[in-house]
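Before any comments, here is the structure.
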Amino acid sequence: MTSPLLSRPGAVAADPPDEGVAAHYGDPFREQRALVAGEASVDLSHRPVVRVAGPDRLTWLHSLTSQHLEHLAPGVPTEALLLSPHGHVEHALYLVDDGEAVWAHVEPGTAGPLVEFLDRMRFWSKVEVEDLSPAYAVVLRPTAVPGAPTRTVAHGVESFVPRADLDEVLAGPVAGVWALEALRIADGQPRLGLETDHRTIPHELGWLETAVHLDKGCYRGQETVARVHNLGRPPRRLVLLHLDGSESELPVPGDPVLLGDRQVGTVTSSARHYELGPIALALVKRSTPVDETLLAGGVAAAQEVLVPA
């Protein structure tokens, strides 16, 4: 689905996984500043919307995910992961309960498999799972959309709105997803499919602080979460890389991260930040010395620790 905002002056379409919305509207740095100042909104209508209704929704999701959701109060935003039996991250949900249903947005391309899995797990629970992406969209604004389910997050308020209302609710100044991505990278926040691969566990990305509750009942993958937490030795760790600004090109996801002539990790995301300059996220081996300068896609990079070694 293509956003109507792509027809606005200056709009440049984003690349996968964010296709369908604008990367920027002509001035990415100005858009970052406006977003930080609370003066701009972001069109996130490419992100699928999943709704779980029914009286058992919270206890049911509590039993399936990494988060403590059993007594989640309406309007309180949270994150939750669905893990494999071996504790690897399969889905990331950014959710809120409105008193009648749980609303979640997820990464592009993941709603179908997520809904299929949840449907298989309903058994006798009184829940209904729907992919509402054709009818609803997510927007980030300085203020909530009246009457919409909302999540207060780092750089504004996310609202779940009818897709037909996108032009109206985003009538003011807008920033593209490049601006939001630069702020996300600077904040060290991981994204499923960018910072993750088939063997990622929550500990490597700092998700223990935001999406995992360590004192809750059994759920799929919990044994791995508990074991690695107690041992304190995840195999990799997420780092923020401050890149040499004299280079004209940014490293791209998948580029190797080198210590000397030895590969110690991989670039996962990169951006140009309006204050920090060129930055990137990378997954590196836990044993990589934190004070060493690395080479990310051929660019010299200093590490900022996000997940302690």
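General observations
- Sole exception among (1) touching a helix residue (DSSP H, G or I) at 6+ places or on another chain (Cβ under 9 Å); (2) open to solvent by less than 40 Å² (accessible area, probe 1.4 Å) for T78, by number: (1)
- Count - residues of the stretch 180-209 that are within 20 Å of G221 (Cβ to Cβ) and either crowded, with 23+ Cβ neighbours inside 10 Å or over 10 Å from the mean Cα position of the chain (by Cα) (or both): 16
- Odd one out for S66 among (1) farther than 22 Å from D119 by Cβ; (2) assigned to a loop (DSSP other than H, G, I, E, B); (3) open to solvent by less than 20 Å² (accessible area, probe 1.4 Å): (1)
- Members of the stretch 151-170 that are touching a residue at least 60 places away in the same chain (Cβ under 8 Å), open to solvent by 40 Å² or more (accessible area, probe 1.4 Å) and over 19 Å from P4 (Cα atoms): T152, V153, H155
- Some residue of the stretch 219-238 being open to solvent by less than 10 Å² (accessible area, probe 1.4 Å), modelled with pLDDT of 95 or more and of a type in the set (V, I, T): no
- Residue in the stretch 269-279 that is in contact with a His (Cβ under 9 Å, 6 or more places away or on another chain), open to solvent by 30 Å² or more (accessible area, probe 1.4 Å) and more than 18 Å from R191 (Cβ to Cβ) present: yes
- Residue within the stretch 52-59 that is of a type in the set (V, I, T), farther than 18 Å from A271 by Cβ and at pLDDT 95 or above present: yes
- Residues considered: V42, V50, V102, V96. Of these, the only one that is open to solvent by less than 30 Å² (accessible area, probe 1.4 Å), within 17 Å of R184 (Cα to Cα), part of a strand (DSSP E or B) and of a type in the set (V, I, T) is V42.
- In this structure, V138 does not satisfy being outside any strand (DSSP E or B), among the β-branched types (V, I, T), open to solvent by less than 50 Å² (accessible area, probe 1.4 Å) and in contact (Cβ under 8 Å) with a residue 12 or more places away in the chain.
- In the set (1) at pLDDT below 95; (2) open to solvent by 60 Å² or more (accessible area, probe 1.4 Å); (3) farther than 28 Å from A37 by Cα, the condition left unmet by R262 is number (1).
- Complete set of residues in the stretch 171-199 that are in contact (Cβ under 8 Å) with a residue 60 or more places away in the chain, part of a loop (DSSP other than H, G, I, E, B), closer than 26 Å to S7 by Cβ and out of contact with any Pro (no Cβ under 9 Å at 6 or more places or on another chain): P173
- Looking across the stretch 224-283, the residues that are within 19 Å of P16 (Cβ to Cβ), part of a strand (DSSP E or B) and of a type in the set (V, I, T) come down to T266, V267, T268.
- Filter pass, L214 being under 21 Å from the mean Cα position of the chain (by Cα) and outside any strand (DSSP E or B): yes
- Pairs are defined by a Cβ separation below 7 Å, a sequence spacing of at least 6 or placement on different chains, a first member in the stretch 25-49 that is farther than 16 Å from L276 by Cα, and a second member that is in a helix (DSSP H, G or I) and basic (K, R); the pairs so defined are S45/R163.
- Residues of the stretch 1-36 satisfying the condition of being open to solvent by 60 Å² or more (accessible area, probe 1.4 Å) and part of a loop (DSSP other than H, G, I, E, B): M1, T2, P9, D15, P16, E19, D27
- Matching residues in the stretch 250-309 - criterion: being polar (S, T, N, Q) and farther than 22 Å from A14 by Cα: Q263, T266, S287, T288, T293, Q303
- For the stretch 97-127, filtering for residues that are acidic (D, E), over 10 Å from V49 (Cα atoms) and in contact with a Lys or Arg (Cβ under 8 Å, 6 or more places away or on another chain) leaves 1.
The values are calculated or read from the model by the stated rules, or taken from the named source; none is laboratory data. Everything quoted here is computed from the prediction, not taken from an experiment. Neighbour counts run over all protein chains shown; Cβ positions are idealised from the backbone, glycine included. The protein model used for the area step is the full one, side chains on, heavy atoms only, and it has no ligands, DNA or RNA in it. Shrake-Rupley method; radii C 1.70, N 1.55, O 1.52, S 1.80 Å.
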